[in-house]
1. Which percent of the accessible heavy-atom area of region 154-287 goes to carbon and sulfur, probe 1.4 angstrom?
2. Put +1 on the Cβ of every Lys and Arg and -1 on every Asp and Glu Cβ in the chain; which of 3, 57, 274 then has its Cα farthest towards the positive end of the dipole?
3. If you rank 162, 123 by how much accessible surface each has, with a 1.4 Å probe, what is the order from largest down?
4. Can you say what percent of the DSSP beta bridges in region 154-287, counting only those with both residues inside, are antiparallel? Round to 5.
5. Quick one: what are the phi-derived ³J(HN,Hα) couplings along region 113-126, Karplus 6.51/-1.76/1.60 with θ = phi - 60°, whole Hz, x for glycine and proline?
6. With all protein chains present, calculate the accessible area of residue 189 using a 1.4 Å probe and round the result to the nearest 10 Å².
7. Report the trypsin sites (Lys or Arg not before Pro) located in region 30-103 that are in a DSSP loop and have at most 12 other Cβ atoms inside 10 Å of their Cβ, or state none.
8. Between residue 86 and residues 5 or more places away or on another chain, which pairs have amide H atoms under 5 Å apart, with H built 1.01 Å from N, and which residues are they?
Amino acid sequence: MKAGFLTDIRKIEIREINKPEIQSDNEVLLKIKSVGVCGSDIHYYKDGKIGTQRVNFPFRICHEFSAVVEETGKKVKKIKIGDQVAVDPATFCRTCDQCKEGRFNTCRTLLFMGSPGLKDGCLCEYTVVPETSCYPSKKLSFDQLCLVEPMSIAVYAVKYPLTLKKKNIGILGAGPIGLCTLIAALDKDAGKIYVTDKIDSRCETAFKHGAYWTANPLNTDIVKEIEKKEPLLLDYVFECCGDQDAIDQAMMLLKPGGKLIIVGIHESERISISTDLMRRREITIYNVRRQNESTYDALKLIESGKFKVDFMVTHHFNIEESQKAFDTVANYKDNVIKAIINV
Ligand SMILES: [Zn+2]
Ligand SMILES: [Zn+2]
């Protein structure tokens, strides 16, 4: 089968490798259909690392995908051959201290697809996963199923604040995760949602899909403008861009008792926080590590049809064009939001 390898910084090669086989009775063999290019993949593509997680080339990249079940292990019960599925790229042990606490996303022996040294990525034609990683849907297209993973991060992120109902919030960054967070927050009946991004077209997209106000921090003093509209400031800010400026803006935008939820992945290993603002306003900071038990909810949210999601998929490529797909996303070309590689 064909499989995509990151062979150097900014270099993807498609190679021929053996098709994987089911190894244990609870596994299923999947024919991959749509693969999403994620911001985290772009960190590996551009820098060869995220923090201390370094890539050893050649590296099998990607973790967002949808698939059709081609074969099932002997003990597989719920998943059937022919099922169209969204897939949780994480496999966890269910027995360690973290899993026992219900913190499956920080499992001591977590395996995550397309993560250095953990599990091969999904930019390929076939993969084998445990039955429990599969979430079937009869309603969704393969591209929509592929959006379930990024949506699960947003669904998880909005679980942090106890309630979003009528709360005025900020979302800093309107890439796929910021836009998914916008949808997840609308679903939780948030009040006014202020969205910012350094790309104008992303601001327009966020406004069109439910943001109350949007602006580009490169040409607008967003803190001043939001302060004018909300003198009491915001209840929660979701930082979805991995940018130090956004962290600073978030601290200034939060009201006393406000919550900062860090969803974005920062390029630098350290960020700085105004301890003065944090202390005076008693701001709580939450970190989102991928997602925990939110895949099903994300699938149901997309299935509900309450909110459009297709607009996020702006580009399609075939597997041979993977290099082009990554270049497009890494360079923010052509107003790209989510690029999908059809396998
Ligand atoms: Zn992702
Ligand atoms: Zn565990």
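1. Within region 154-287, the accessible surface is 49 percent carbon and sulfur.
2. Sorting the options by dipole projection puts first 274.
3. The ranking, largest first, comes out as 162, 123.
4. Taking every DSSP beta bridge with both residues in region 154-287, the antiparallel ones total about 5 percent.
5. Rounded to whole hertz, the list is 5, x, 10, x, x, 9, 8, 4, x, 9, 7, 6, 8, 9.
6. Spelled out: residue 189, probe radius 1.4 Å, area about 80 Å².
7. Hits after loop and neighbour filter: 74, 75, 77, 78, 80, 94.
8. Here 135, 137 satisfy the definition.
The values are calculated or read from the model by the stated rules, or taken from the named source; none is laboratory data. From a predicted model like this one, the values you see are computed outputs, not experimental measurements. Glycine also receives a Cβ, built like all others from the backbone with ideal geometry; neighbour counts cover every protein chain displayed. To get the accessible areas, we keep the full protein, side chains included, count just its heavy atoms, and leave off ligands, DNA and RNA. Shrake-Rupley method; radii C 1.70, N 1.55, O 1.52, S 1.80 Å.
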